[in-house]
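The values are calculated or read from the model by the stated rules, or taken from the named source; none is laboratory data. Remember, it's a predicted structure, so these values are computed and weren't measured experimentally. Because the Cβ atoms are built from the backbone with ideal geometry, glycine has one as well, and the counts that use them run over all protein chains shown. Accessible surface is based on the protein model in full, side chains and every heavy atom, while ligands, DNA and RNA are left aside. Shrake-Rupley method; radii C 1.70, N 1.55, O 1.52, S 1.80 Å.
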Amino acid sequence: MSRFCGAVAAGVVFALFGPMQAFSAEPVGQATLIRTEVSGETGPLVVRSPVHRDERIRTSQSGLGQFIFKDGTKLAVGAGSTVVIDKFVYDDSASVKRLSIKAAKGTFRWISGNSASSAYSIVTPAGTIGVRGTAFDFYVGPNGTTAIVLLNGAASFCGPGGCKQLRQQCDCVVATRGGRMTDPSKVDRSTLQTLSNPRALPFLSGDQQLSGALGGIRTSCGLASLRQDRQDRPRPQRQERPAPQAPQAPQQAPQAPQPSQLPQTPQQPPDTPDPPDKPDKPDHHHHHDRDHHHDWDHHRGWDHFGRGPFDRDRGRNWR
């Protein structure tokens, strides 16, 4: 009975403290740069946080982590990525016998350390990358499709359909989970179209910036212009609704036409004045009346025809 109780107690202690002891062991590397959010098995990672064998590292959709291992190997883990440090077998303080990682999805950059090339392997859903003392970027899509772009040295990619060797800078191989694999060719825009992700290789296009030795590789394989093209591309402008217009003032009644606008009617010539009527001849039968009036008008300077002194001579012609 006592042995049973002791076994149960030991099992409880292992269940509670076993994982913690595993991660409390000597670390195999540490974080050198953390941006946005990067987490390990025990929670968020910060600069100088240790990483351990069998630890799963995840980055957020904008996260970035840079790590260095005991032998000097450097690994960048880009946005939206998941990777597991699968195996790490020590050789001595300067190198390892075995360093293997499993990349489940995301974007990565690798630079080999001081260990022998045969010590390194990177496992992806589509196959395994063999390292030959080199630097390269690789991408693992959600469906397992994998692309590798050689930056320095040499590398190989082996899947169910065989192996392909990458020997020239910017050589690229794309492989699918089903075993299909392209021949090595220079990476270009069509590669990103094949991967259905314009940001599949963010360290080459410049969508994510690395630091230190990981960021010191002096080639973008011609993809750096992609980010500039996206920035220069005009964004569709939102169509704003027109502001409501103020009600228009009622239309004024048409004004009467000005005199100058009225149709001109032909003017009739002015009437010619009638000639003055000739005065009636004086009645000779009433001389006394004439004389009487003449005398009265004479005192006023007028004759009985209404003419003044200045008209008397002219009046003679009227007779």
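A search for C-beta distances below 7 Å between a residue of region 183-196 that is among the basic types (Lys, Arg) and any residue that is open to solvent by less than 60 Å² (accessible area, probe 1.4 Å) and modelled with pLDDT under 95, counting only pairs 6+ apart in sequence or on different chains, returns Arg189/Leu226. Restricting to region 83-98, name every residue that is among the hydrophobic types (A, V, I, L, M, F, W, C) and open to solvent by 30 Å² or more (accessible area, probe 1.4 Å). If the condition is that a residue be among the hydrophobic types (A, V, I, L, M, F, W, C) and open to solvent by 30 Å² or more (accessible area, probe 1.4 Å), then Val89, Ala94 are the ones that fit.
Just one of Gly178, Gly133, Gly144 is of a type outside the set (D, E, K, R), at pLDDT below 95 and over 21 Å from Ala119 (Cβ atoms); which is it? Walk me through how you get there before you give the answer.
Details: Gly133 fails: over 21 Å from Ala119 (Cβ atoms); Gly144 fails: at pLDDT below 95.
From the options Gly178, Gly133, Gly144, the qualifying one is Gly178.
Just name the residue that is most open to solvent (accessible area, probe 1.4 Å) out of those in region 153-176 that are among the charged types (D, E, K, R) and under 15 Å from Phe138 (Cα atoms). Here the answer is Lys164.
For region 178-199, what are the residues that are part of a helix (DSSP H, G or I) and either among the small types (Gly, Ala, Ser) or under 21 Å from Gln165 (Cα atoms) (or both)? Step through it out loud before you land on a result.
The first filter runs over region 178-199 and keeps only residues part of a helix (DSSP H, G or I), leaving 189-195.
Hits for region 178-199 are Ser190, Thr191, Leu192, Thr194, Leu195.
Right, Ile101: part of a strand (DSSP E or B), in contact (Cβ under 8 Å) with a residue 40 or more places away in the chain and open to solvent by less than 30 Å² (accessible area, probe 1.4 Å) or not? For Ile101, the condition - part of a strand (DSSP E or B), in contact (Cβ under 8 Å) with a residue 40 or more places away in the chain and open to solvent by less than 30 Å² (accessible area, probe 1.4 Å) - is not met. Only one entry of Gly72, Gly144, Gly80, Gly130 meets the criterion of being surrounded by fewer than 23 Cβ atoms within 10 Å (Cβ to Cβ), touching a strand residue (DSSP E or B) at 6+ places or on another chain (Cβ under 6 Å) and either acidic (Asp, Glu) or not in a strand (DSSP E or B) (or both), and that entry is Gly80.
The set of residues in region 200-225 that are in a loop (DSSP other than H, G, I, E, B), touching a Gly at 6+ places or on another chain (Cβ under 9 Å) and free of Cβ contacts under 8 Å to residues at least 24 places away in the same chain comprises Asp207, Gln209, Ser220. For Gly216, indicate whether it is under 20 Å from Arg35 (Cβ atoms) and surrounded by fewer than 15 Cβ atoms within 10 Å (Cβ to Cβ). When the stated conditions are applied, Gly216 passes them. Restrict the check to region 35-58 and report whether at least one residue is open to solvent by less than 10 Å² (accessible area, probe 1.4 Å), touching a Ser or Thr at 6+ places or on another chain (Cβ under 6 Å) and not in a loop (DSSP other than H, G, I, E, B). Yes - at least one qualifying residue is present in region 35-58. Among the residues making up region 116-127, a single one is farther than 23 Å from Arg177 by Cα and surrounded by 19 or more Cβ atoms within 10 Å (Cβ to Cβ): Ala119.
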